[in-house]
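Visitor: Right, I'll just put the structure down here and ask away after.
The values are calculated or read from the model by the stated rules, or taken from the named source; none is laboratory data. Given the structure is predicted, the values throughout are model-derived calculations rather than measurements. A quick note on method: Cβ atoms are made from the backbone with ideal geometry, for glycine too, and the neighbour counts reach across all protein chains shown. The accessibility values were calculated without ligands, DNA or RNA, using every heavy atom of the protein model including side chains. Shrake-Rupley method; radii C 1.70, N 1.55, O 1.52, S 1.80 Å.
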Amino acid sequence: MSGYIKDVLESLEERNPGEKEFLAAAKEALDSIGLIIDDHPDHRKSAILERLVEPERIITFRAPWVDDDGKPHVNRGWRVQFSSALGPYKGGLRFHPSVTQSVLKFLGFEQTFKNSLTGLSLGGAKGGADFDPKGRSDDEIRRFCESFMDELHRHIGPDRDIPAGDIGVGSREIGYLFGRYRRLRNEFTGTLTGKGLAWGGSPLRTEATGYGVVYFAAAMLSDSGKSLEGMRCIVSGSGNVAVYTAEKLIDMGARPITLSDSGGFIFEPDGLTREKLDWIKELKFERRGRISEYADEFSSAKYTKAPKEGANPLWQVEADGVFPCATQNELDERGARDLVKAGVKLVVEGANMPATHEAVEVFREKKIAFAPGKASNAGGVAVSGLEMSQNSMRLTWTEEEVEGRLRAIIERVHKSCLDMADVCGQCNDYAHGANIAGYLRVAAAMKAQGAW
Ligand code: NDP
Ligand code: 2IT
C-alpha cells in the first residue's frame with residue numbers, strides 16, 4: 001500500500017474511532033485506488049481522497065412515535081449526504097435495529113461509488129433509523145414513518161436529495177413517507193423513488209435490483225462463453241433483492257435452491273419455481289411471515305436454523321453460483337472457504353458488502369469470479385434514476401423501455417469494471433475495477449468544480 005494511502009487511512013481511523021463498518025469500506029476502496037493514485041499527482045495536491053472520505057453533511061435527529069398501546073418510543077434517525085459531486089444526493093433508507101452512524105456512513109460511501117458507476121447524474125447518500133419494524137402493525141409503521149419525515153423533509157427535495165428503500169423500507173413505507181412529505185410541503189414532486197406505479201413510480205423499480213444482479217452475472221459468464229442455464233444457485237435473504245434475484249435466475253434457466261432470513265434458510269433441491277416464488281412473495285411482502293413457513297407448506301424443502309455462532313450451513317450447500325442478498329458481512333472467510341470446497345465458481349453480491357474483506361481475499365486467491373455489490377446491485381439505484389427522469393418529464397415509460405435501459409446500464413457497469421481492472425493490471429478483478437472506475441468519475445467532477 002502506498003505511503004499516502006496509508007496516511008489517509010490512519011488519519012481516518014483517528015478521526016472516526018470505533019466506526020468499523022465505515023472504516024472497512026473506506027479501506028477496501030482505498031486499497032484499489034492505491035493502484036492508480038500515483039498516476040494522478042493532482043488528486044493528491046488537491047486532497048481529493050481526504051475530501052472524498054468525509055461526508056459533505058450528516059443530519060441526526062429524534063424520531064419519537066407512539067405504539068398501539070399508547071406507549072411512547074424514541075428512535076434515532078439519520079441522513080448521511082455523502083457526495084453531491086455528480087448530482088443530487090441519492091440513496092436508500094434503512095430501518096433496522098442494527099443501524100448506526102457508522103453503518104450509514106459505510107452505505108453512503110459505497111453508494112457514491114455505485115452511483116458513479118451507473119453513469120447517471122446521481123450523488124451518494126444513505127439514511128435510516130434504529131427502528132425495528134418486526135412485529136409492528138401497519139399503524140405503528142405509519143406513525144413512525146410520519147415522525148421520521150417530520151424532520152427529514154427539511155433536508156430533501158427533487159433537486160437536493162432523493163431517498164428510496166433499503167432493508168426494512170419497501171413500498172408500504174415509501175407510501176407513508178411520501179404521503180407525509182406531500183402534505184408537509186404541499187407539492188407533488190419526485191422526491192422519493194420506489195413510489196407506487198399509480199403515483200409517480202417507475203415500472204420495474206421493485207424488481208430492478210435483483211434483475212440487475214442477474215444481468216450482471218450473465219454478463220460475467222458470457223465473457224467466457226458460458227450462461228446461467230442449469231446453474232444451481234445459493235441465494236441468501238428473502239427480501240426485495242433476494243426474491244427478484246431468484247425470479248430472474250429462474251427466467252434465465254438457472255435454479256435458485258435456497259433463500260434465507262435471520263432465522264435460517266430453506267433448501268429446495270430441485271430449485272424454486274415461479275409458482276413457489278409467488279407463494280414466498282405473499283408470505284414475505286403481504287403476511288410478513290418467516291421463511292421457515294415455506295418448509296411447512298412444501299414438503300420438498302428442508303429448513304435449517306441459523307447457528308448462533310460458527311460455520312453457517314447455508315454456505316456448505318453444493319452449488320455453482322452464490323448470490324448473497326441479505327446484509328453486510330453475512331459471508332465471512334469460513335463461509336468463503338466452505339463455498340470453494342462445495343465447488344462454487346461465481347459469487348455475485350446482491351446486498352451491500354455481504355462478503356467480508358477476508359472472504360473476498362479467499363475468492364481472489366482461488367480465482368473465483370467475484371462481483372462487488374457496488375457494481376452488481378447498481379440496477380436498483382439506476383432505475384431510481386430513471387424514475388427521477390420520468391418524474392421530471394411527468395410521463396411514464398413502458399416496462400420494455402425501462403428494462404432495456406436497465407440492461408444497457410448494467411452491461412456498461414460490467415464493461416467499465418473490466419476495462420478499469422485491465423488498465424490497472426488486475427485482469428478480471430471486478431472489485432478493483434469497480435472501485436477505480438467509480439472513483440475516477442467522482443474525482444474528476446470534484447476537481448472540475450474547484451475540488452470541493
Ligand atoms: P429487505 O428488508 O427487503 O430484506 C432484507 C433481507 O435480509 C431479509 O430476508 C432479512 O431477514 C435479511 N436480513 C436483514 N438483516 C439481517 C441480519 N442482520 N442478519 C440476517 N439476515 C438479515 O431488504 P432488501 O432486500 O431491500 O436489501 C437487502 C440488501 O440489498 C441490503 O444489503 C441492501 O442494502 C441491499 N440493496 C438493496 C437495494 C434495494 O433496491 N432494495 C438496492 C441495492 C442494494 P429478516 O426479515 O429475518 O430480518
Ligand atoms: O443500496 C442501494 O443502492 C439502494 N438501497 C437503492 C438506492 C436508491 O436510491 O434506489
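Visitor: Please go through the range 19-71 and give me each residue that is among the aromatic types (F, W, Y) and not in a helix (DSSP H, G or I), ordered by number.
Guide: Going residue by residue through the range 19-71, those that are among the aromatic types (F, W, Y) are 22, 61, 65.
Hits for the range 19-71 are F61, W65.
Visitor: When the residues of the range 333-364 are filtered to those that are of a type in the set (D, E) and farther than 21 Å from G212 by Cβ, which remaining residue is farthest from ligand 2 (Cβ to nearest atom)? Can you show your working first?
Guide: Restricting attention to the range 333-364, the residues satisfying the condition of being of a type in the set (D, E) are 333, 338, 349, 358, 361.
Add one more test, that the residue is farther than 21 Å from G212 by Cβ, and what stays is 333, 338, 358, 361.
Working: E333: 24, D338: 27, E358: 23, E361: 23 Å.
The extreme case among them is D338.
Visitor: Keeping to the range 89-124, report how many residues are more than 18 Å from V53 (Cα to Cα), touching a Pro at 6+ places or on another chain (Cβ under 9 Å) and either among the small types (G, A, S) or more than 10 Å from ligand 2 (Cβ to nearest atom) (or both). Show your work before the answer.
Guide: Of the range 89-124, the ones more than 18 Å from V53 (Cα to Cα) are 92-99, 118-121.
Okay, now just the ones that are also touching a Pro at 6+ places or on another chain (Cβ under 9 Å), so 92-93, 95-96, 121.
With either among the small types (G, A, S) or more than 10 Å from ligand 2 (Cβ to nearest atom) (or both) added as a condition, the list becomes 92, 95-96, 121.
Looking only at that region, the number is 4.
Visitor: Could you please give the count of residues in the range 140-168 that are open to solvent by 10 Å² or more (accessible area, probe 1.4 Å) and within 10 Å of ligand 2 (Cβ to nearest atom)?
Guide: Of the residues in that region, 3 qualify.
Visitor: Sort through V74, V80 and tell me the only one that's touching a Pro at 6+ places or on another chain (Cβ under 6 Å) and either part of a loop (DSSP other than H, G, I, E, B) or open to solvent by 10 Å² or more (accessible area, probe 1.4 Å) (or both). Step through it out loud before you land on a result.
Guide: Working: V80 fails: either part of a loop (DSSP other than H, G, I, E, B) or open to solvent by 10 Å² or more (accessible area, probe 1.4 Å) (or both).
Testing whether each residue is touching a Pro at 6+ places or on another chain (Cβ under 6 Å) and either part of a loop (DSSP other than H, G, I, E, B) or open to solvent by 10 Å² or more (accessible area, probe 1.4 Å) (or both) leaves just V74.
Visitor: Out of the range 170-193, which residues are within 14 Å of ligand 1 (Cβ to nearest atom) and open to solvent by less than 20 Å² (accessible area, probe 1.4 Å)?
Guide: Going through the range 170-193, the residues within 14 Å of ligand 1 (Cβ to nearest atom) turn out to be 170-174, 192-193.
Those that are within 14 Å of ligand 1 (Cβ to nearest atom) and open to solvent by less than 20 Å² (accessible area, probe 1.4 Å): E173, I174, L192, T193.
Visitor: OK, next. Could you check the range 309-328 and list, in sequence order, the residues that are within 12 Å of ligand 1 (Cβ to nearest atom), in a loop (DSSP other than H, G, I, E, B) and of a type outside the set (V, I, T)? Don't jump to the end; show me each part of the working.
Guide: Let us first name the residues in the range 309-328 that are within 12 Å of ligand 1 (Cβ to nearest atom), namely 312, 314, 323-328.
Filter once more, so that each one left must be in a loop (DSSP other than H, G, I, E, B): 312, 325-328.
Across the range 309-328, the qualifying residues are N312, C325, A326, Q328.
Visitor: Filter the range 125-139 for residues that are small (G, A, S) and more than 12 Å from ligand 2 (Cβ to nearest atom) and give the result.
Guide: Here is the first cut: in the range 125-139, the residues small (G, A, S) are 125, 127-129, 135, 137.
Residues satisfying the conditions are A129, G135, S137.
Visitor: Having 3 or more residues that are free of Cβ contacts under 8 Å to residues at least 24 places away in the same chain and either of a type in the set (S, T, N, Q) or open to solvent by 70 Å² or more (accessible area, probe 1.4 Å) (or both) is the bar; report the helices (runs of 4 or more DSSP H) wholly within the range 329-438 that clear it. Explain how you work it out, then say what you get.
Guide: Values: elements: 333-341, 357-365, 373-376, 378-393, 399-423.
Where helices (runs of 4 or more DSSP H) fall fully within the range 329-438 and carry at least 3 residues being free of Cβ contacts under 8 Å to residues at least 24 places away in the same chain and either of a type in the set (S, T, N, Q) or open to solvent by 70 Å² or more (accessible area, probe 1.4 Å) (or both), they are 399-423.
Visitor: Quick check, is G175 within 12 Å of ligand 2 (Cβ to nearest atom) and touching a residue at least 12 places away in the same chain (Cβ under 8 Å)?
Guide: In short, no.
Visitor: Could you please give the count of residues in the range 97-110 that are open to solvent by 10 Å² or more (accessible area, probe 1.4 Å) and either of a type in the set (V, I, T) or under 12 Å from the mean Cα position of the chain (by Cα) (or both)?
Guide: The number of residues fulfilling the criteria is 1.
Visitor: I've got another one for you. Provide a single number: the residues in the range 159-174 that are out of contact with any helix residue (DSSP H, G or I) (no Cβ under 8 Å at 6 or more places or on another chain) and in a helix (DSSP H, G or I).
Guide: Going through the range 159-174 one residue at a time, the tally reaches 1.
Visitor: Under the condition of being within 13 Å of ligand 1 (Cβ to nearest atom) and in a loop (DSSP other than H, G, I, E, B), which residue from the range 202-211 is surrounded by the fewest Cβ atoms within 10 Å (Cβ to Cβ)? So that I can check it myself, show each step before the final result.
Guide: The first filter runs over the range 202-211 and keeps only residues within 13 Å of ligand 1 (Cβ to nearest atom), leaving 202, 204-211.
Now restrict to residues that are in a loop (DSSP other than H, G, I, E, B): 202, 204.
Details: S202: 27, L204: 24.
Going through the qualifying residues, I end up with L204.
Visitor: So, one more: Could you grab the pairs with beta carbons closer than 8 Å, sequence gap of 6+ or different chains, first residue in the range 122-138 and on the phi > 0 side of the Ramachandran plot, second one of a type in the set (D, E) and within 16 Å of ligand 2 (Cβ to nearest atom)?
Guide: So the pair list comes out as G128/D166.
Visitor: How many residues are touching a residue at least 40 places away in the same chain (Cβ under 8 Å) and either open to solvent by 70 Å² or more (accessible area, probe 1.4 Å) or in a helix (DSSP H, G or I) (or both) when one looks only at the range 252-307?
Guide: Going through the range 252-307 one residue at a time, the tally reaches 5.
Visitor: Going by what's in this entry, would K226 be described as touching an Asp or Glu at 6+ places or on another chain (Cβ under 8 Å) and open to solvent by 10 Å² or more (accessible area, probe 1.4 Å)?
Guide: Values: touching an Asp or Glu at 6+ places or on another chain (Cβ under 8 Å): no; open to solvent by 10 Å² or more (accessible area, probe 1.4 Å): yes.
Here the answer is no, as K226 does not meet what is asked.
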